[in-house]
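The values are calculated or read from the model by the stated rules, or taken from the named source; none is laboratory data. Note that the coordinates shown come from a computational prediction; the quantities given were computed from them, not determined experimentally. Here the Cβ is made from the backbone with ideal geometry for all residues, glycine too, and neighbour counts use every protein chain on show.
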Amino acid sequence: MIELTITALSHSADGVARHEGRVVFVPFALPGETVRAEIVEEKKGYARARLVEVITPSPDRIAPRCPNHFHIPSSPHSPASTACGGCQLQHLAYPAQLRHKTQTVIEQLTRIAGMPQPPVRECLPSPAPFGYRNHIQLSLTAEGALGYRAAERRERSASPFSGAAQSRAIVPIRECPIARPELMEVFASLKVESATELERVSLRAGVDDVLVVFEGAAPEVEIDLPVSAALLRPDGGALPLAGRDYVLAEVGGREFKVSAGSFFQVNGAVAAMLVGEVLRALELRGGETVLDVYSGVGLFTAFIAPLAGRVIGIESFEPAVEDAAINLDEFDNIELYCAPVEAVLPALDVRAEAVLLDPPRAGCSAEVVEALLKMRAPRVVYVSCDPATFARDAKRLLAGGYTLDFVQPLDMFPQTHHIECVARFTPPRPSQSQLQ
């Protein structure tokens, strides 16, 4: 048991302190606080500790909205492993959360991309810091109760062959204040009678329905509300069990069909803000050819198409492409490719005036970045949900001669450490041979 002074927050929202020459990470601790903590994991050069007591609290510390599942240190006998891991920042006042997220983007670009003064704007707030999530994913305990993964890993298993080694326990939940109320209403009435082979249960809210998605196997369930239900197949397709196997999501006055396995932004209000930021960054004047890379169900494509001459969407997940074909049916200037971006982008023989990238959390592969550098599009707009992989890709684009004009963070995920960003890169400078 040691006493620490917290000096910063890490990118994953852990408190950072130094003790006897090494860094100590303390989840749920805040900068400026003096805390008592217990070392639970030691590595070469750093350690992780469990917060036991806040001796001197930060002025930004607040009471969390979710006292039943968010970790509040009270004694050594209330470990964080009994707390849900869905939120990391409920104890931090919302303005301070926004400042932290802005600083995280700056630090990642400085550290990874080597930019001493990256052009990062202040993080835009979510209109609703709570009750915003339209999609939650639940796991099952051995007893069949639904819950989220715990905030901390369990102790290492004595056997290296045990699947429990370094895993995180599942914490049954009673409430989730970041989820939309209609999801919690369905959750409260959902009773899983048979959990054998059931891997996960997801709840998705649309404009007029809630979809319950089962993964692994369809259990025996009771739901006292009129909802849809579907079984997600291993290939990403869905088998409807009751009602529809999709939801209708609304962004910016448009409805989008989103099938059970397709990705869609979890915060509808911030998704509309995100679309606006993307359109401003693209600066379309009419008639341009635009590539929408990792186009999903067509969220951005639907708003780009009326402003461009031609839009080419590339998406590898077939159910999402099928959704996009329906969502974009009114337009005749859109082409959709259902294939990996790495296969399509290098083979496209088009001159694009603008490229929009919205990759998954892992970011873009080296092959995709190389293809972009060869295209030399006048504007590359990058939508990211992970500042670290974005900074890595930014470094590659900068090395290829592009300039980072700006980065606009948006708080798509209040109360968590996750950050959404929109960034724009402008073209490489012409070489001497090209000038001649």
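Would you say Val210 is surrounded by 20 or more Cβ atoms within 10 Å (Cβ to Cβ) and farther than 13 Å from Val258 by Cα?
No; evaluated as a whole, the condition is false for this residue.
Could you say whether any residue in the range 368-375 is closer than 22 Å to Pro119 by Cα, of a type outside the set (A, V, I, L, M) and in contact (Cβ under 8 Å) with a residue 24 or more places away in the chain?
For the range 368-375, residues closer than 22 Å to Pro119 by Cα, of a type outside the set (A, V, I, L, M) and in contact (Cβ under 8 Å) with a residue 24 or more places away in the chain: absent.
Looking for something in contact with a His (Cβ under 7 Å, 6 or more places away or on another chain), modelled with pLDDT of 85 or more and assigned to a strand (DSSP E or B) - is there at least one such residue anywhere in the range 162-175?
The answer is yes; a qualifying residue exists.
Assuming Pro234 fulfils every condition listed in (1) in a loop (DSSP other than H, G, I, E, B); (2) touching a residue at least 12 places away in the same chain (Cβ under 8 Å); (3) more than 20 Å from the chain's Cα centre (by Cα) apart from one, which condition is it?
With (1) in a loop (DSSP other than H, G, I, E, B); (2) touching a residue at least 12 places away in the same chain (Cβ under 8 Å); (3) more than 20 Å from the chain's Cα centre (by Cα) applied to Pro234, the lone miss is (2).
Would you mind finding the one in Ala17, Ala93, Ala37 that is surrounded by fewer than 17 Cβ atoms within 10 Å (Cβ to Cβ) and aliphatic (A, V, I, L, M)?
The match here is Ala93.
For the range 19-67, how many residues are touching a residue at least 12 places away in the same chain (Cβ under 8 Å), among the basic types (Lys, Arg) and part of a strand (DSSP E or B)?
5
In the range 384-408, which residues are part of a strand (DSSP E or B) and either of a type in the set (Gly, Ala, Ser) or within 15 Å of Gln265 (Cβ to Cβ) (or both)?
Across the range 384-408, the qualifying residue is only Ser384.
Restricting the search to the range 280-312, which residues are surrounded by fewer than 17 Cβ atoms within 10 Å (Cβ to Cβ) and in contact with a helix residue (DSSP H, G or I) (Cβ under 9 Å, 6 or more places away or on another chain)?
Answer for the range 280-312, where residues must be surrounded by fewer than 17 Cβ atoms within 10 Å (Cβ to Cβ) and in contact with a helix residue (DSSP H, G or I) (Cβ under 9 Å, 6 or more places away or on another chain): Arg285, Gly286, Leu307.
Would you confirm whether any residue within the range 325-342 is touching a Lys or Arg at 6+ places or on another chain (Cβ under 8 Å), surrounded by 15 or more Cβ atoms within 10 Å (Cβ to Cβ), of a type in the set (Val, Ile, Thr) and within 23 Å of Gly401 (Cα to Cα)?
The answer is no, given that none of the residues of the range 325-342 is touching a Lys or Arg at 6+ places or on another chain (Cβ under 8 Å), surrounded by 15 or more Cβ atoms within 10 Å (Cβ to Cβ), of a type in the set (Val, Ile, Thr) and within 23 Å of Gly401 (Cα to Cα).
Looking at Pro360 and the list (1) buried (at least 22 other Cβ atoms within 10 Å of the Cβ); (2) part of a loop (DSSP other than H, G, I, E, B), which single condition is not satisfied?
So the condition that Pro360 fails would be (1).
Going by the structure shown, is Glu222 in contact with an Asp or Glu (Cβ under 8 Å, 6 or more places away or on another chain) and assigned to a strand (DSSP E or B)?
Considered against the rule, which asks whether it is in contact with an Asp or Glu (Cβ under 8 Å, 6 or more places away or on another chain) and assigned to a strand (DSSP E or B), Glu222 comes out as yes.
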